[in-house]
Structure formats: C-alpha cells, structure tokens
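To keep things clear, I will list the structure first and then write my remarks on it.
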Amino acid sequence: MRTRLTRITTVLAATAAALLALFLTASPAHAESPILGTLTLSATSGTVTDTPFVASATTTGSCPAGYGDNTALRVGPVGGPYNLLGRIGGDGGYDNGQAITLAASRSLSTVLGGPPADGTYEVVITCSGVLTGVNAKAYSTYIAVTGANWALKEATATTTTVSGSTHIAKLGKPVTLTARVAPANNGSVSFTDGTTALGSASVANGKATITTTSLTAGWHYVGASFTPDDARTHRSSTAACGWWIYVTS
C-alpha cells in the first residue's frame with residue numbers, strides 16, 4: 001500500500017512540475033493583424049494628378065486560400081470605401097503563395113472624384129473568390145495628401161531592448177525575461193536563446209515579459225525581436241544587445 005502511495009505521489013509531483021513549466025513558458029495571445037500584409041508602391045511620392053498614380057503596387061504575400069480568383073488595386077479613406085485605380089486582376093491563381101503586382105491606370109484625382117482633401121488615404125489590394133466573396137482583410141499602405149502632392153507615410157522605427165531577472169540562475173529555477181519596445185505600440189515579442197525559441201508575449205505599455213525554466217546548464221545569450229500588429233504604422237526591431245545568463249547545475 002505504501003509503495004502504491006509513493007508511486008501516486010511521484011506521478012502527481014511530476015505532473016505538477018510539467019504543468020508549472022507549461023504555465024511559466026506560455027504567453028498570452030496578441031491581437032491579430034488588421035491586414036494581410038503591406039504594399040510596396042513603385043513610387044513614394046507624386047502629385048494627385050499623376051496618371052497613373054503609380055506604375056504598380058506589390059504585396060508582401062499572396063491571397064489567402066480560396067480568395068485567389070480576383071484581385072484589385074484600390075484607394076480611399078482609411079477603412080474605405082475604396083475606388084479602383086486600375087483594372088481588376090481576374091487571371092486567378094492569386095492564392096499560389098506568390099507576391100502580387102498590379103498596375104494602376106488612373107490618377108488619385110480621377111479615382112476620388114476630384115482633388116482630394118488633405119489627409120491620410122489607404123491604398124489596398126483586395127482578394128476575392130468566386131465562391132467566397134471579398135476577403136475581409138487586404139494588403140495595405142498609407143499615403144498622405146497635402147495640397148496637390150502625395151507621399152508615402154513611412155512606418156515609425158522602433159527599438160527593442162532585453163533584460164533578465166538575473167545573470168546567474170540555478171538549473172530548473174524560473175528566470176524572467178523582459179523586453180521593452182519604444183515607442184510603445186501593439187505587437188508581440190519573441191524571445192530566443194541563440195536559435196532556440198523560448199516563447200513570446202504581447203506588448204503592454206511598451207513591455208513584454210515571459211518566465212522560463214527551460215534553460216540548460218551553461219551560458220545562454222537571450223535575444224528579443226518585436227513584431228508590430230500593424231506594419232503600416234510601426235516597424236519591427238531586434239534587440240541590438242542580448243542578455244547573458246549562466247545556469248548552474
């Protein structure tokens with residue numbers, strides 16, 4: 001009887017330890033990106049009467065599966081509605097994993113029904129399927145119109161730094177890793193030990209934190225990389241200097 005109780009106690013202890021490790025390394029889900037990706041325009045500035053507005057726009061990826069029958073290059077106020085800048089791409093196969101390039105044939109003034117008011121506008125490439133309709137997300141970038149001119153709105157650069165709760169840790173004991181992102185914005189940070197992923201966490205008030213017990217005995221160099229939720233407004237960044245940790249056995 002005592003032997004059986006000992007075995008049960010051992011199993012329960014091992015299970016509890018495994019659950020604790022899972023809890024410590026788990027990270028909260030971060031907000032999903034509001035777009036499929038960004039666009040690269042063939043020009044970064046021009047006038048609202050340039051015809052075409054740009055020669056072409058290229059996506060960072062393909063249409064989602066099932067939404068690759070038609071694509072369209074459009075422009076409008078942020079969030080829509082959008083008007084066509086060129087012909088609809090109806091060749092199909094736009095969900096083949098390849099980037100998409102579409103040509104424009106009209107000016108901003110023509111598309112927007114006259115000289116546009118000063119402000120921010122959104123250029124998008126939409127994806128649609130015959131059976132699925134138009135995807136709720138699109139590839140997108142922002143432009144700013146001032147008077148008779150327009151210019152691409154560049155995403156704000158970010159910086160990421162990483163630190164730890166200690167430089168010397170004991171094997172199996174939790175170590176807290178913290179990344180700080182400036183300027184503070186929405187996104188997630190991935191923590192790495194060399195090429196090994198340690199976990200990721202959402203950024204809140206410019207800070208992301210995980211706790212891990214997975215570091216093995218010896219030296220470790222922890223890095224951190226930030227990915228914004230919206231690549232139109234902020235750029236990704238990687239910590240220039242990592243955090244050294246020595247784990248004793």
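The numbers here are math on the coordinates, done by the rules we state, and not lab data. Everything numeric here is computed off the predicted structure, so don't read it as measured data. Because the Cβ atoms are built from the backbone with ideal geometry, glycine has one as well, and the counts that use them run over all protein chains shown.
Assuming a viscosity of 1.002 mPa s and a temperature of 20 °C, what translational diffusion coefficient in µm² per second does Stokes-Einstein assign to segment 171-219, Rh being the Kirkwood radius over Cα pairs? Can you show the working numbers first?
Details: Rh = 11.6 Å.
Estimated via Stokes-Einstein, D reaches 185 µm²/s.
Return, in residue-number order, each cysteine of the chain whose C-beta is not under 4.7 Å from any other cysteine's C-beta.
Taking the Cβ cut-off of 4.7 Å, the unpaired cysteines of the chain are 241.
For segment 153-178, list residues with backbone N below 17 Å from a point placed 7 Å from the Cα of residue 246 toward its Cβ?
164-172
Taking a virtual spin label 7 Å from the Cα of residue 156 along the C-beta vector, which residues in segment 208-249 bring their backbone nitrogen under 20 Å of it?
208-209, 225-240
Kindly state, as a whole number, the per residue volume in cubic angstrom of the convex hull around the alpha carbon atoms of segment 27-126.
Cα-based convex hull of segment 27-126, divided per residue, equals 124 Å³.
Could you tell me the calculated FRET efficiency between residue 176 and residue 118, based on Cβ-Cβ distance and R0 = 35 angstrom, to the nearest 0.05?
Numbers: r = 47 Å, r/R0 = 1.35.
Efficiency at R0 = 35 Å is approximately 0.15.
Only one of the values (1) 25.6, 83; (2) 19.9, 64; (3) 24.6, 89 was calculated from this structure for Rg and Dmax of the Cα atoms in Å; name its label.
(3)
Between residue 146 and residue 221, take the C-beta separation as r, use R0 = 51 Å, and let me know the FRET efficiency to the nearest 0.05. Please list the in-between numbers first.
Working: r = 46 Å, r/R0 = 0.91.
Taking R0 as 51 Å, the efficiency between residue 146 and residue 221 is 0.65.
Give the separation of the Cα centroids, segment 156-183 to segment 93-137, in Å.
Centre-to-centre distance over Cα atoms comes out at 40 Å.
Helix 2-25 against the longest principal axis of the chain: what's the angle in degrees, Cα atoms only, rounded to the nearest 10?
Taking the Cα atoms of the chain, the angle to 2-25 is about 30 degrees.
In deg cm²/dmol, rounded to 500, what helix-only [θ] at 222 nm does the chain give when every DSSP H run of at least 4 residues adds -39500 (n - 2.57) and the total is split over its residues? The partial results should precede the final answer.
Details: 2 runs with 28 residues, N = 249.
Using -39500 (n - 2.57) per qualifying helix, the result is -3500 deg cm²/dmol.
Only Cα pairs within less than 10 Å get springs; with that Gaussian network setup on the chain, which residue of 124, 78, 203 has the largest fluctuation?
Greatest mean-square fluctuation among the candidates belongs to 78.
With springs connecting C-alpha atoms under 10 Å apart, model the chain as a Gaussian network and identify which of 193, 95, 118 has the largest mean-square fluctuation.
Among 193, 95, 118, the largest mean-square fluctuation in the Gaussian network model of the chain belongs to 118.
When the chain is fully extended, how far beyond the present Cα-Cα distance does residue 205 get from residue 49, taking 0.36 nm per residue of separation? Don't skip to the answer; put the middle values down first.
Working: separation 156, 0.36 × 156 = 56.16 nm, distance 4.19 nm.
That works out to 52.0 nm of additional length.
Go ahead and collect, in residue order, the members of segment 98-127 whose backbone nitrogen is under 11 Å from a label point 7 Å along the Cα-Cβ direction of residue 185.
none
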